[in-house]
Amino acid sequence: MQFALLCYHSQAQTSSLSADEEAAMMARVRAAEDKIRTKANIGPSLRLKPTTAARFVKAGDDPMVIDGPYAETKEQLLGFWIIECDTLDEAIEAGKHLAREREVGGIEVRPLLAFNP
């Protein structure tokens, strides 16, 4: 089964990290990814550009495009991992490895369905 591990965090907080703080954070993330690899196949992990670069296309007959994220939240979706493991419980354990490496936000574990297999 495939799962997305969606990383929610404060964009303002991560954007203000120094180069050393960023490197330390990414070292912790890489260590968590290594733990995940012991139980699951890990596919792409992608970081999203800031929400200021996003556009939202609103549903309807004449779709409207608006700048930035649609939801007003304290935490934004900043990136994700695609993993393959046998059960939801294993995917949740993988999410816990990543969640332990952050002080705010969290990791959403969402099963994936093949849309165009």
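The values are calculated or read from the model by the stated rules, or taken from the named source; none is laboratory data. Model, not experiment: these values are computed from the prediction. Cβ atoms come from the backbone with ideal geometry, glycine included; neighbour counts cover every protein chain shown. Just so you know, the surface numbers come from the protein's heavy atoms only, side chains and all, with ligands and any DNA or RNA stripped out. Shrake-Rupley method; radii C 1.70, N 1.55, O 1.52, S 1.80 Å.
Quick notes on this structure:
- Overall, the accessible surface of the chain at a probe of 1.4 angstrom is composed of carbon and sulfur to the extent of 55 percent.
- Of Glu90, Glu21, Glu75, the one that fluctuates the most in a GNM where the chain has Cα springs shorter than 10 Å: Glu21
- Lysine pairs within the chain, Cα separation less than 27 Å, 8 or more sequence positions apart or different chains: 8
- Label of the coordinate-derived value, Kirkwood radius over Cα pairs in Å, listed as (1) 16.0; (2) 17.7; (3) 15.6: (3)
- Spacing of the two label points (7 Å from each Cα toward its C-beta) at Ala59 and Asp86, in nm: 3.8
- Highest-fluctuation residue, Lys39, Lys49, Lys58 considered, GNM on the chain with Cα pairs under 10 Å: Lys58
- Rolling a 1.4 Å probe over the heavy atoms of the protein chains gives region 43-117 an accessible area of 76 Å² per residue.
- Assigned charges on the beta-carbon of Lys, Arg, Asp, Glu; region 1-93 dipole about Cα centre (debye): 200
- Rounded Å value of the spacing that divides the Cα centres of region 1-50 and region 81-117: 12
- Fluctuation leader among Leu88, Leu78, Leu17 - the chain, Gaussian network, Cα springs under 10 angstrom: Leu17
- Both numbers refer to the Cα atoms of region 1-60; Rg and Dmax are 14.9, 45 Å.
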